[in-house]
1. Sort out which residues of region 142-166 are open to solvent by less than 70 Å² (accessible area, probe 1.4 Å) and within 14 Å of T110 (Cβ to Cβ), and write them in order of number.
2. Kindly list the number of the only condition in (1) open to solvent by less than 40 Å² (accessible area, probe 1.4 Å); (2) on the phi > 0 side of the Ramachandran plot that fails for G72.
3. Among the residues that make up region 119-141, is at least one of them among the basic types (K, R) and buried (at least 16 other Cβ atoms within 10 Å of the Cβ)?
4. Determine which member of the set D37, D63 is in a loop (DSSP other than H, G, I, E, B) and closer than 22 Å to W134 by Cα.
5. What single numbered condition from (1) open to solvent by less than 30 Å² (accessible area, probe 1.4 Å); (2) aliphatic (A, V, I, L, M); (3) in contact with a Phe, Trp or Tyr (Cβ under 6 Å, 6 or more places away or on another chain) fails to hold for V169?
6. Please go through region 88-118 and give me each residue that is assigned to a helix (DSSP H, G or I), open to solvent by less than 20 Å² (accessible area, probe 1.4 Å) and in contact with an Asp or Glu (Cβ under 8 Å, 6 or more places away or on another chain), ordered by number.
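The values are calculated or read from the model by the stated rules, or taken from the named source; none is laboratory data. Since we're looking at a predicted model, the values are computed, not measured. We place every Cβ from the backbone using ideal geometry, glycine too, and count neighbours over all the protein chains shown. Each accessible area value is taken on the protein alone, full model and side chains, heavy atoms only, with ligands, DNA and RNA left out. Shrake-Rupley method; radii C 1.70, N 1.55, O 1.52, S 1.80 Å.
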Amino acid sequence: MTDLCAPDVTLRDRRPEDVPALARWLTDPAAEWRAWDAPYTPAAQTTETMRAYVKYLRQTSPDPDERLVVVGEQVVGMVNRSEEEPAGGGWWDLGILLLDPAYWGGGVGTRALALWVQDTLDWTDAHTLTVTTWGGNERMIRLARRLGFTECMRVREARVVAGVRHDSVRLDLLRREWAGGRA
């Protein structure tokens, strides 16, 4: 695949030289991204999962369903997608993780997710795209809405974060609703 570009933001395949920086970000138990990406999962479990994932990254070729988010030459995050069952049904769930908080709130996530939506529509049979988060992650909810996603599911008080119950939230976007990231 070729690189996907927007002003200052690129999505590209993982390179072997990217893995050390990814390993540092992903396995750091104090990384700030952990407060926003599934913080209801026990920290030790997340650490173990991330260590196994880094091992996987070291041993495998890039996956077309995962790309790195790059600003300039700096890797700042990742996007991924997975096809919901049954295969061929046209439902793809998307994810985005900006690892470096220095890049939060400046539009990098919006541009990266817009590129990822377009890539998914270009390279898959996607009819429906979804993103899933928890109710306390208001930035993710705003980002998805900015791109045209609409809330389609809310499971009330399904997640516990720091002793407080939050909703699980899923937003969807149909292929015909995609405006090309113009928000």
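1. Selection gives L143, A144, L147, G148, F149.
2. (1)
3. Within region 119-141, the subset among the basic types (K, R) is 139.
Checking the rest, the ones that are also buried (at least 16 other Cβ atoms within 10 Å of the Cβ) come to none.
No, region 119-141 contains no residue that is among the basic types (K, R) and buried (at least 16 other Cβ atoms within 10 Å of the Cβ).
4. Numbers: D63 fails: closer than 22 Å to W134 by Cα.
The unique qualifying residue is D37.
5. Exception for V169: condition (3).
6. V108
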